[in-house]
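Heads up: the structure comes next, in structure tokens.
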């Protein structure tokens, strides 16, 4: 299955100072987190963490930009 990577812009970071406002973050699919109102985002270290979904606005990015923005965890 070839899924496009998901990205979002951070619009809030209260209590999550590791998030930078107006920065684009890659999101990972996490149905359980979504049920609780959270998203799983990847930080600069390549680690993923749960954050409130209200802190992000999903965006569409062109395929070429998606490759450039994604953090490889291999």
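Values quoted throughout were computed directly from the atomic coordinates according to the rules given, and no laboratory measurement underlies them. Nothing here was measured: the structure is a model prediction, and the numbers come from that model. Here the Cβ positions follow ideal geometry from the backbone for every residue, glycine too, while neighbour counts run over all protein chains shown.
List of remarks:
- Considering only the Cα atoms of the range 6-64, their convex hull presents on average a projected area of 4.1 nm².
- With helices as the sole contributors, the chain gives -3500 deg cm²/dmol at 222 nm; each DSSP H run of n ≥ 4 counts as -39500 (n - 2.57), and the sum is divided by every residue.
- Förster radius 30 Å - calculated FRET efficiency between residue 68 and residue 34, Cβ distance, rounded to 0.05: 0.70
- Relative contact order of the range 6-64, defined on C-alpha pairs under 8 angstrom at six or more residues apart (%): 37
- Legend: calculated FRET efficiency, residue 17 to residue 47, from the Cβ-Cβ distance at R0 = 22 Å, rounded to 0.05, equals 0.90.
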